[in-house]
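Accompanying notes for the structure given below.
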Amino acid sequence: MKKTSQARKIREHRGTGTGVNYKPWIYTGEFGSKGTTSNPIDWKTGRQIQLLSQGETIVWYLLRWDDNNLDIREQFPLELEQTMQIAKNYGIKHPADRQGNPIVMTTDFLVTRVNGEIALSVKSSLEGFKSKKRLIEKAYIEKMYWEKHGVPFRLLTKEEMNQAMADNIRNVVAFYDAEYLPDEISLLKKLISRKLISVDMTKPLNFRDLLHKYRGELRRWLK
């Protein structure tokens, strides 16, 4: 699919809004490697999320599960003039298109928490990141940009992520708004997703064992 021009993105107000009205700078349909992208629906707002890698998908589920995170804006654009100035100050080549025109940089996630904001960049592995000078340079521009705005910036790698927890979250939130619940396990997942039943989400969930444990609780909800 043809990439959307920066001028069009500006006209479409990409990178603006919050919550359900937020418009990311990049959409998965504009991304080259579609095999790693995903578009989950935010069960809290109903907005379709634009995630460009498996790592971003894992991080997004973990972030969204945390009620201390009030809003999560993915593919958040950085102001071009500022990143160009930072690149110039530190002697770093600014990202550009094939014609050499500077392009808008993005941060994977800008998270609004109850106590402030944090900007997050997701990498596949720390070793892979450290071995590529260009990745380090671009991350440094991001870091300096967010420092200028008084926002903490952090790199996250897949090694740090709890895949089992992300899988559990993905599994249960599919029933968050479900009206048709064909069995007790479906109801159990809905109650877990709404945090009406509290379980250890950090380890793979055995729903049949949980069903036995919480059967009395489920009967109360079925009345």
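One table, with the values for the structure above:
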| item | result |
| --- | --- |
| Potential lengthening between SER131 and LEU218 on full extension [0.36 nm per residue; Cα-Cα distance subtracted] | 26.2 nm |
| Helix axis angle, 54-65 relative to the chain longest principal axis, alpha carbon, degrees | 60 degrees |
| Cα centroid separation - the range 162-186 against the range 68-126, whole Å | 32 Å |
| Label-point separation, ASN101 to LEU80 (7 Å along Cα→Cβ), nm | 0.7 nm |
| DSSP-defined beta bridges in the range 107-177 - what % are antiparallel, rounded to 5 | 50 percent |
| Protection-proxy order for peptides 6-12, 173-179, 97-103, each taking the mean of Cβ atoms within 10 Å per residue, highest first | 173-179, 6-12, 97-103 |
| Projected label distance in nm at ASN89 and ALA139, using a 7 Å step from Cα toward the beta-carbon | 2.0 nm |
| Within the range 131-180, trypsin sites (Lys or Arg not before Pro) in DSSP loop having at most 15 other beta-carbon neighbours inside 10 Å | LYS132 |
| Net length gained if the chain between GLU160 and THR4 were fully extended (0.36 nm per residue, minus Cα distance) | 52.9 nm |
| Of LYS138/LYS158; LYS44/LYS148; LYS133/LYS203; LYS23/LYS203, those spanning more than 24 Å from alpha-carbon to alpha-carbon | LYS44/LYS148; LYS133/LYS203; LYS23/LYS203 |
| Accessible area per residue in Å² at 1.4 Å probe, computed on the chain | 57 Å² |
| Rounded percent of accessible protein surface that carbon and sulfur make up, the range 90-223, 1.4 Å probe | 50 percent |
| Vicinal HN-Hα couplings computed from phi for the range 210-217 (Karplus, 6.51 cos²θ - 1.76 cosθ + 1.60; Hz; Gly/Pro x) | 5, 4, 5, 5, 10, 4, x, 5 |
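The values are calculated or read from the model by the stated rules, or taken from the named source; none is laboratory data. Everything numeric in this text was worked out from a predicted model, so none of it was measured. As a convention, Cβ positions derive from the backbone with ideal geometry for all residues, glycine included, and neighbour counts pool all protein chains shown. Surface accessibility is based on the protein's heavy atoms, side chains included, excluding ligands, DNA and RNA. Shrake-Rupley method; radii C 1.70, N 1.55, O 1.52, S 1.80 Å.
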